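Values in this text are rule-based calculations from the coordinates and carry no lab data. Computed from a predicted structure; not experimentally measured. Counting neighbours? That spans all protein chains shown, and the Cβs are built from the backbone with ideal geometry, glycine included.
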Amino acid sequence: MTVGNTTTQRSADATGTGATVEIDEVAVRFRTKKKDVTALRDVSLRIEPGEFVAIVGASGCGKSTLLKLVSGLLRPSSGQVRLHGEDVRGPRRDIGYIFQRAALLEWRTARRNILLQAEMRGMPKAQARQRVDELIAMTGLTGFEDAYPNELSGGMQQRVALCRALLHRPPVLLMDEPFGALDALTREQMNVELRRIWRETGTTVLLVTHSIAEAVYLANRVIVMTPRPGTVAEVIDVDLPVERDYGQTMSAPEFARATGRIRDLLGATTTAE
Amino acid sequence: MAAQSTIEQRERTAPAGATASATRRPGGAGAGLLRFARNTWRPAAVLVAILLVWWMVTAADLVKPYLVPSPGTTLDVVLAQPGYFAHHTWITTYETVLGFAIAIVVGVLSAVVMVYSPTVEKSLYPLLLFAQVIPKIAIAPLFIVWLGFGLSPKVVVAVLMAFFPIVISTVTGMKSIDPEMLQLSATMGAGPAQTFRKIRFPAALPHLFAGLKVAATMAVTGAVVGEFVGANEGLGYVILQANGNLDTPTLFAGLIIMSLLGVVLFVVVELLEYLVLPWHASRRTDSATTTL
Ligand SMILES: Nc1ncnc2c1ncn2[C@@H]1O[C@H](COP(=O)(O)OP(=O)(O)OP(=O)(O)O)[C@@H](O)[C@H]1O
Ligand SMILES: [Mg+2]
């Protein structure tokens, strides 16, 4: 499989710091009629080009909020967010976003749901169609191109969402619990797939997950967050080889160390989980 | 790489599943019509049963013929003056369809404006509600005064009747869209026009069609109400005349043609729904085969 690497790397940037994502002392407060919620406070992060970073934390600690900040769908109440060195002011289109729910259009078939990305961006039709075929084969959706979302399993729907997010070869991929609805086996397969896609494309990935194993297997760094108001409790460097066989990784001492540390942190900071 | 080989296995088994889904959903207009026919034979049977009961009641002389004429007499009245009935049916159909069409255009457009501008919505809603709650039969004479004796006051009443369900259903439909779909659209760099065309409007279609079905029947009522107030043609006029002459067979004929007109319009909208929203209609038939 040839997945081009041309548009994925954008190392140099305006400020010259070289980071793909920079978050500086960010706080997010939601004002609703009943009460004010501080979702995030005092969050600072730096993500280098081509990194795979996982974010774990209790439910409601602001993980989705963090991704929405990076994509520009949400503006911080204070602090700064930069993508490729530019201040994020509005929705960014140089990203691929996978939402917590698959968010497919029920009136479009799998293929046409993926093609939505191309249509909105005005990509050349023939090129887009070829790319869709490529992605469908890669994610094992062959044979279901013309099925409607209500005819697909939850896992297949998520794979369609993954294809859609990858279609335009975004330099940054933001994934919000993409595999939450999958059974354990499919989830493992998707993890192996995602790791392979990441290695082939060099995309910078931010992955929110509830699975500690998934976070450690996939990521180079795992950000552990505290419960609301969310802030970074600790950043764990995962010292596993680049080439990660699933079974071998699960039994590696480093895997046990990292997952153990994350579990301790989450246990120490959460009561519910 | 055990996991990867399982994915390949999945790919190999996939086409079987695909053929299964293909037999379940043969695409195209023909399949839509077939589904439609399957779903309409039951109400048709009920209709035949009602006709049968009507015929038996009159044949057994359970009611006086001048109160309830027999199906045969009613049919004879129509066959005796086919031109007369055709003309008045055509007039009412014309008023109804024109009123319905105008209501769709005006209704959908106002709904779109209201969804995109909360200010307009807040100022228009009370007005809409007012136009809806005021009895049409009470304001219809005013339209006769303003617009004369011709077709236009009837069309206006039909528009007024059909407008409201269309606006409400379209507004509801466009607002029911998952906010994440709109955010997704933003990350794709889509502008408001693209988001509307590809996401908001299609998402509102099932709601819109529900409103259209209500509106279709309302449009018939509107046209006939307009004719009741002042007309020299149309089914409303036929019914009023027959009533004055105690001519129950003509009255019955007029009533039946009028109801048929409403039903036909309703069925046309439903047919369109089957053709335009295949995914939606299919889910409806699917739910009939499951236990829920
Ligand atoms: N639009 C909003 N308006 C008000 N409050 C919000 C909004 N979005 C999020 N919140 C609040 O902010 C907090 C963080 O929400 P967020 O969705 O980021 O959590 P999360 O970490 O993604 O949780 P989960 O793991 O359950 O998805 C929650 O307490 C939530 O109630
Ligand atoms: Mg979330």
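Observations on the structure shown:
- Using a simple spin-label model with pseudo-atoms 7 Å out from Cα toward Cβ, B:Val267 and B:Ala44 lie 0.8 nm apart.
- Our coupling estimate for the stretch B:160-168, obtained by passing each phi through the Karplus curve with A = 6.51, B = -1.76, C = 1.60 and θ = phi - 60°, is 4, 6, 7, 4, 4, x, 5, 4, 4 Hz, Gly and Pro reported as x.
- Within the listed set B:Met218, B:Met56, B:Met174, the Gaussian network model of chain B (springs between alpha-carbon atoms below 10 Å) gives the highest mean-square fluctuation for B:Met56.
- Panel values: the stretch A:105-169, Kirkwood radius from alpha carbon pairs, Stokes-Einstein at 4 °C and 1.567 mPa s, translational diffusion coefficient 114 µm²/s.
- Among the lysines of the stretch B:78-279, pairs that are 8 or more positions apart or on different chains and have alpha carbons within less than 28 Å of each other number 10.
- Here's how it looks for A:His210: its modeled amide H is under 5 Å from none belonging to a residue 5 or more places away or on a different chain.
- Taking GluC sites (Glu not before Pro) across the stretch A:184-267, the ones in a DSSP loop with at most 16 further Cβ atoms lying within 10 angstrom of their Cβ are A:Glu243.
- Hz values of 3J(HN,Hα) by residue in the stretch A:112-119 - Karplus curve (6.51, -1.76, 1.60), Gly and Pro given as x: 6, 5, 5, 5, 3, 3, 5, 5
- Within the stretch B:43-89, the chymotrypsin sites (Phe, Trp or Tyr not before Pro) that combine a DSSP coil assignment with at most 16 other C-beta atoms in a 10 angstrom radius are B:Tyr66.
- Between amide H atoms placed 1.01 Å from N, distances below 5 Å from A:Arg221 occur with A:Phe52, A:Ala54, A:Val238, all of them 5 or more places distant or on a separate chain.
- FRET efficiency, A:Asp239 to B:Leu275 (Cβ-Cβ, R0 60 Å, nearest 0.05): 0.50
- Trypsin sites (Lys or Arg not before Pro) restricted to the stretch A:73-129 and DSSP loop, no more than 12 other C-beta within 10 Å: A:Arg89
- Percentage, to the nearest whole number, of Cα pairs in chain B over 31 Å apart: 48 percent
- Sites A:His210 and B:Glu121 - FRET efficiency at Förster radius 45 Å, r taken between beta-carbons, to 0.05: 0.70
- A Förster distance of 25 Å, applied to the separation of the beta-carbon atoms of B:Ile139 and B:Asn232, puts the FRET efficiency at 0.75.
- Inter-label distance, A:Gln80 to A:Lys125: 4.5 nm, where each label sits 7 Å from its Cα along the C-beta direction.
- In this simple spin-label approximation, A:Glu106 and B:Gln241 carry label points 7 Å from Cα along the Cα→Cβ vector, and these lie 4.9 nm apart.
- Residues A:Arg257, A:Arg195, sorted so that the one with the fewest Cβ neighbours within 10 Å comes first: A:Arg257, A:Arg195
- Karplus (6.51, -1.76, 1.60) ³J(HN,Hα), θ = phi - 60°, over the stretch A:173-189, in Hz, Gly and Pro reported as x: 10, 10, 10, 9, 6, x, 10, x, 8, 8, 6, 4, 5, 4, 4, 4, 4
- Per residue of peptide A:107-120, the mean number of Cβ atoms on other chains within 10 Å of the residue Cβ is 3.
- For the protein assembly as shown, the normalised intensity computed at q = 0.08, 0.10, 0.11 Å⁻¹ comes to -0.71, -0.93, -1.04 (log10 of I(q)/I(0), Debye sum over alpha carbons, equal scatterers, no solvent).
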